[in-house]
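Asker: This structure is in structure tokens; I'll ask about it shortly.
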Amino acid sequence: MAGSFQVLLCYTLLKERKWAMKKIKEREPSTELKVLRLLNPIMKLSDYQHYLNLEKGYIGELKLDEWLDGLLNNCLVVNDLLLEHKGKIFQIDSLVIFQSIIYVFDSKYHEDDFYLDANKWKTLAGKEITNPQPQMERADSLLSQLLQQRLNVNIPIESFLVFTHPEFYLYNDPPTLPAIFPNQFHRFMKKMNSMTSKLNRSHESLAEQLVALHLNESPHTRLPEYDYEQLKKGVVCGECASFMIERGRVWVCAGCGCKEYAQIAIIRSVEEFKLLFPDRKITSATIREWCAVKGDRKKIIRTLNNYFKRIGQGPASYYID
Ligand SMILES: [Zn+2]
């Protein structure tokens, strides 16, 4: 009896939880940000401010995710889409598919007090920033066209600028500005959670089609020039980006003191090398130099043999996944 009750309870829970909020695509840093994160500790970046802007933008997007984690209603969340329609490329930070509406959220992580001077966004000190609204409207328009013309979907879209920095303030925001400010997060979430929303296979198919259309490489990516010979060599801490010091079987971070097993630290460093130099061969000599490993090459060879496939024999051999 108790058993069948449990089965019934599980079934009911499963049935109720069948949809709820489901993430169809997770967010991850762009290749540009990943590369700049790796380069920052080992060379002087020509445009450090650009790197900082990307980091700040990414923090804002993670804040947006944190907020959207509060979704309890039936919906599908698709993050971080780079799409193309009629030769025009546009980006979407987060898109939430409900039964009869799609919300598109564009994260903005500005930290300051702003005011609107005609259509210009200015800080109180008079510094002007790019008005974020036209870019959002462009993405909104291209997405509606893509949905209607290519995917044959007629669910209406509503786009919002989401100001994710807790210390953002806009003095004279017009009520027509499609924006959600930190003090409106709670109310907007309540609204999303109380809408009637029943999803079916067509909604899921829409999310899957959008993910399939996602472009991996942004044409706007601008990486600095870098040269292997000029980069500072060594294993860099994954937590704080300081250099690590080899201490037998472990590497210890000179900055935060965290420890990592030698093999794990080296493999992580090999993965970083692959991202920075996708065309270079992974040889034991290169990795020994890249990680600035002291002593003989045997420990590097042992580690590489354990995690990669060796091609060839002797000094000319190299490793692949
Ligand atoms: Zn560290």
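Asker: What do you reckon, is R247 within 16 Å of the ligand (Cβ to nearest atom) and open to solvent by 70 Å² or more (accessible area, probe 1.4 Å)?
Answerer: yes
Residue-wise test of (1) touching a residue at least 40 places away in the same chain (Cβ under 8 Å); (2) assigned to a loop (DSSP other than H, G, I, E, B).
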{"site": "S107", "(1), (2)": "yes, no"}
{"site": "K122", "(1), (2)": "no, no"}
{"site": "A125", "(1), (2)": "no, yes"}
{"site": "M136", "(1), (2)": "yes, no"}
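Asker: Still on this structure: Would you pick out the residues in segment 214-246 that are touching a helix residue (DSSP H, G or I) at 6+ places or on another chain (Cβ under 8 Å) and farther than 19 Å from L275 by Cα?
Answerer: Selection gives M244, E246.
Asker: Give the number of residues within segment 266-276 that are away from the ligand (no atom under 16 Å from the Cβ) and open to solvent by 20 Å² or more (accessible area, probe 1.4 Å).
Answerer: Number of matching residues: 4.
Asker: I've got another one for you. Somewhere in segment 161-176, is a residue in the same structural domain as V78 (by TED's automatic domain parsing), surrounded by 13 or more Cβ atoms within 10 Å (Cβ to Cβ) and farther than 22 Å from K56 by Cα?
Answerer: Looking through segment 161-176, at least one residue is in the same structural domain as V78 (by TED's automatic domain parsing), surrounded by 13 or more Cβ atoms within 10 Å (Cβ to Cβ) and farther than 22 Å from K56 by Cα.
Asker: Still on this structure: Would you confirm whether or not segment 39-55 contains a residue that is assigned to a strand (DSSP E or B) and within 19 Å of the chain's Cα centre (by Cα)?
Answerer: There is no residue in segment 39-55 that is assigned to a strand (DSSP E or B) and within 19 Å of the chain's Cα centre (by Cα).
Asker: Kindly indicate whether S269 is among the hydroxyl-bearing types (S, T, Y), in contact with a Pro (Cβ under 8 Å, 6 or more places away or on another chain) and within 18 Å of R37 (Cβ to Cβ).
Answerer: It is false that S269 is among the hydroxyl-bearing types (S, T, Y), in contact with a Pro (Cβ under 8 Å, 6 or more places away or on another chain) and within 18 Å of R37 (Cβ to Cβ).
Asker: So which residues in segment 222-242 are within 9 Å of the ligand (Cβ to nearest atom) and open to solvent by less than 80 Å² (accessible area, probe 1.4 Å), if there are any at all?
Answerer: Passing the criteria: V236, C237, G238, C240, A241, S242.
Asker: With S197, S218 as the choices, which residue is part of a loop (DSSP other than H, G, I, E, B), at pLDDT 95 or above, open to solvent by less than 60 Å² (accessible area, probe 1.4 Å) and not assigned by TED's automatic domain parsing to the domain that holds L304?
Answerer: That would be S197, the only listed residue that is part of a loop (DSSP other than H, G, I, E, B), at pLDDT 95 or above, open to solvent by less than 60 Å² (accessible area, probe 1.4 Å) and not assigned by TED's automatic domain parsing to the domain that holds L304.
Asker: Which condition does E28 not pass, out of (1) modelled with pLDDT of 95 or more; (2) closer than 19 Å to E208 by Cα, if it passes all the others?
Answerer: (1)
Asker: Can you work out which of the residues in segment 124-144 that are polar (S, T, N, Q) and in contact with a strand residue (DSSP E or B) (Cβ under 6 Å, 6 or more places away or on another chain) is nearest to I97 (Cα to Cα)?
Answerer: If we take residues in segment 124-144 being polar (S, T, N, Q) and in contact with a strand residue (DSSP E or B) (Cβ under 6 Å, 6 or more places away or on another chain), then S144 is nearest to I97 (Cα to Cα).
Asker: Could you check segment 278-319 and list, in sequence order, the residues that are assigned to a loop (DSSP other than H, G, I, E, B), within 21 Å of S242 (Cα to Cα) and either open to solvent by less than 80 Å² (accessible area, probe 1.4 Å) or hydrophobic (A, V, I, L, M, F, W, C) (or both)?
Answerer: Within segment 278-319, C291, A292, V293 meet the criteria.
Asker: Scan segment 40-54 for residues that are out of contact with any Pro (no Cβ under 8 Å at 6 or more places or on another chain) and open to solvent by less than 40 Å² (accessible area, probe 1.4 Å) and report the count.
Answerer: Of the residues in segment 40-54, 4 are out of contact with any Pro (no Cβ under 8 Å at 6 or more places or on another chain) and open to solvent by less than 40 Å² (accessible area, probe 1.4 Å).
Asker: Looking at N73, N79 in this structure, which one is part of a strand (DSSP E or B) and either among the acidic types (D, E) or at pLDDT 95 or above (or both)?
Answerer: Exactly one of N73, N79 is part of a strand (DSSP E or B) and either among the acidic types (D, E) or at pLDDT 95 or above (or both), namely N79.
Asker: Identify the single condition in (1) without any contact (Cβ under 8 Å) to a residue 24 or more places away in the chain; (2) assigned to a helix (DSSP H, G or I); (3) away from the ligand (no atom under 16 Å from the Cβ); (4) open to solvent by 50 Å² or more (accessible area, probe 1.4 Å) that Q263 does not satisfy, given that it satisfies every other one.
Answerer: Here Q263 meets the rest and fails (1).
Yes/no matrix, rows are residues, columns are (1) in contact with a Leu (Cβ under 8 Å, 6 or more places away or on another chain); (2) open to solvent by 20 Å² or more (accessible area, probe 1.4 Å); (3) on the phi > 0 side of the Ramachandran plot:
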site	(1), (2), (3)
F90	yes, no, no
V104	yes, no, no
Y109	no, yes, no
L116	yes, yes, no
N119	no, yes, no
V153	yes, yes, no
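The values are calculated or read from the model by the stated rules, or taken from the named source; none is laboratory data. What you see is a predicted model, and the numbers here were worked out from it, not measured in a lab. So basically every Cβ, Gly included, is an ideal-geometry build from the backbone, and we count neighbours across all protein chains shown. Side chains included, ligands, DNA and RNA excluded: accessible areas come from the protein's heavy atoms. Shrake-Rupley method; radii C 1.70, N 1.55, O 1.52, S 1.80 Å.
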